[in-house]
Amino acid sequence: MSGAWVTVLKRDLLLAFRRRSDVATTLFFFLMVSSLFPLGIGPEPAVLSSIAPGVLWVAALLAGMLSLTRLFAADFADGSLEQMLLAPQPLTLLVTAKVLAHWLVCGLPVVLLAPLIGLQYALPSDALSVLIISLLLGTPALSLIGAIGAALTLGVRGSGLLVALLVLPLYIPVLIFGAGAVAASQHGMSAQAHLSLLAACSLLALVLAPLATAAALRISVE
């Protein structure tokens, strides 16, 4: 099982490396959306720091959604997905490998870029640290939940809009806890409660999302 899991992970990372334009689109979107707000609102530090948690988390959420439709599309088009369904390894295990590859390609770079963008919003060092931790804890949940929507809309025309309609309501708790953690740190309060809830969301998604995604993939292929 571990061999198959590693093989799927390496394959998806290799395909993402060959399609570097897709990765660049996600990062460019995050940079542009988060950088336009300071230009449009003005350079007032108090105003920028107050909107920073929500803006950065919404930008990260939308950037991750850009690549969701491609999560299973290539495997569905070339028949690899059918081979995964017929493989002796559990489909849920292979799904976790694909979701991890998606997070490494789209989620982790956003986490690494977030502190640089946070400097534009005059965030203090403590808030920047909480921002990094919250994104590390929360973005895996976004990828796991998004995989369910990508599987449900696989092969459907206009799947990008359908994915957004399906997963955005499920993203709301992660968004609230992630932005709340940074805001709490800005106001001198402890962000531990928000971070714990973020970790709980990711753990719950790790347990349930692969099962739901595997079931949706079987329905889509049939």
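Residue-level analysis places Ile219 outside the set of residues that are modelled with pLDDT of 90 or more and open to solvent by 30 Å² or more (accessible area, probe 1.4 Å). Residues in the stretch 71-89 that are free of Cβ contacts under 8 Å to residues at least 40 places away in the same chain and either of a type in the set (Ser, Thr, Tyr) or under 14 Å from Ala150 (Cβ atoms) (or both): Asp75, Ala77, Ser80. Scanning the stretch 46-103 for residues that are among the polar types (S, T, N, Q) and under 21 Å from Ala212 (Cα atoms) returns Ser67, Thr69, Ser80, Gln83, Gln89, Thr92, Thr96. Entry remark, the stretch 157-205: residues being open to solvent by 60 Å² or more (accessible area, probe 1.4 Å) and of a type in the set (A, V, I, L, M, F, W, C) number 13 in total. The numbered conditions (1) part of a helix (DSSP H, G or I); (2) open to solvent by less than 40 Å² (accessible area, probe 1.4 Å); (3) over 28 Å from Leu154 (Cα atoms) are all true for Val47 except (2).
Is it true that Gly79 is under 19 Å from Val156 (Cβ atoms) and not polar (S, T, N, Q)? Judged against the criteria, Gly79 is a match. If you check Ala151 against the conditions, is it within 18 Å of the chain's Cα centre (by Cα) and among the hydrophobic types (A, V, I, L, M, F, W, C)? Yes; evaluated as a whole, the condition is true for this residue. Has the stretch 78-99 got at least one residue that is surrounded by fewer than 24 Cβ atoms within 10 Å (Cβ to Cβ) and touching a Lys or Arg at 6+ places or on another chain (Cβ under 8 Å)? The answer is yes, given that some residue of the stretch 78-99 is surrounded by fewer than 24 Cβ atoms within 10 Å (Cβ to Cβ) and touching a Lys or Arg at 6+ places or on another chain (Cβ under 8 Å). Close Cβ contacts (under 6 Å, 6 or more residues apart or on different chains) running from residues in the stretch 123-140 that are in contact (Cβ under 8 Å) with a residue 24 or more places away in the chain and crowded, with 20+ Cβ neighbours inside 10 Å to residues that are aromatic (Phe, Trp, Tyr) and part of a helix (DSSP H, G or I) comprise Pro140/Trp103.
Within the set Ala181, Ala193, Ala214, Ala205, the sole residue that is among the hydrophobic types (A, V, I, L, M, F, W, C), more than 14 Å from the chain's Cα centre (by Cα) and under 18 Å from His102 (Cβ atoms) turns out to be Ala214.
Matching residues to (1) out of contact with any Ser or Thr (no Cβ under 6 Å at 6 or more places or on another chain); (2) modelled with pLDDT of 90 or more; (3) open to solvent by 20 Å² or more (accessible area, probe 1.4 Å):
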site	(1), (2), (3)
Phe37	yes, no, yes
Ala73	yes, no, yes
Cys106	no, no, no
Val111	yes, yes, no
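Contact map, the stretch 1-26: residues that are under 15 Å from Val99 (Cβ atoms) paired with residues that are part of a helix (DSSP H, G or I) and among the charged types (D, E, K, R), Cβ distance under 6 Å, separation 6+ or inter-chain. Pairs shown: Asp12/Lys98.
The values are calculated or read from the model by the stated rules, or taken from the named source; none is laboratory data. Model, not experiment: these values are computed from the prediction. Don't worry about glycine lacking a Cβ; one is built from the backbone with ideal geometry, like all the others, and counts go over all protein chains shown. Surface areas here come from the heavy atoms of the whole protein model, side chains and all, with no ligands, DNA or RNA. Shrake-Rupley method; radii C 1.70, N 1.55, O 1.52, S 1.80 Å.
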